[in-house]
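Below you'll find the structure, written out as structure tokens, and then a few comments.
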Amino acid sequence: MEENFKLVKSYQYSSEAKIFSSKLESEGIRVYLRDIHIIDSNPHLSTAVGGVKLFVESKDFEKAQKSLSEISPYSLDENNEPIKCPKCKAEAIEMTTSIKDLKTLFAFIFSLFFVLIPFYSKYRYKCNICKFEFN
Ligand SMILES: [Zn+2]
């Protein structure tokens, strides 16, 4: 069975692993959680056994990775690498929108009428550590 399955990610908490595995299952991906019973019965063992390991069938590996990156708390670039802050090099980057208040929203709608769709400024990234914003 091992050779048909590929490790996607390991989680410290079984609850976390369950949330992610149910997302994958909802997309028709077969999921196998390893060591979940050990960690459920004794959470202190999580570090020792390396957490709950989420396996999927090899054929679903890329689909699973993509699906999980969509709900990743931090943004990934097109190579699935975490986006780093250009200022402090932290990886705690969240997607943010430049439309922050009603005034900018109206400005945005207004610009739509003039077909000046500001795609380039629609999304920005924000560093959770130093609060630096970048595109
Ligand atoms: Zn930063």
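All of the numbers you see were taken from the coordinates with simple rules; none came from a lab. The structure presented is a predicted model; accordingly, all values stated were derived computationally and were not measured. Positions of Cβ are generated from backbone atoms using ideal geometry, with glycine treated the same way; all protein chains shown enter the neighbour counts.
Listing for the model above:
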read-out	value
Restraint check, K9/K84; K9/K89; K9/K87; K18/K89; K66/K89, Cα-Cα greater than 26 Å	K9/K87; K18/K89
Exposure proxy order (Cβ contacts within 10 Å, fewest to most) of F134, F20	F134, F20
Fewest-first sequence of F132, F5 by Cβ atoms within 10 Å of each Cβ	F132, F5
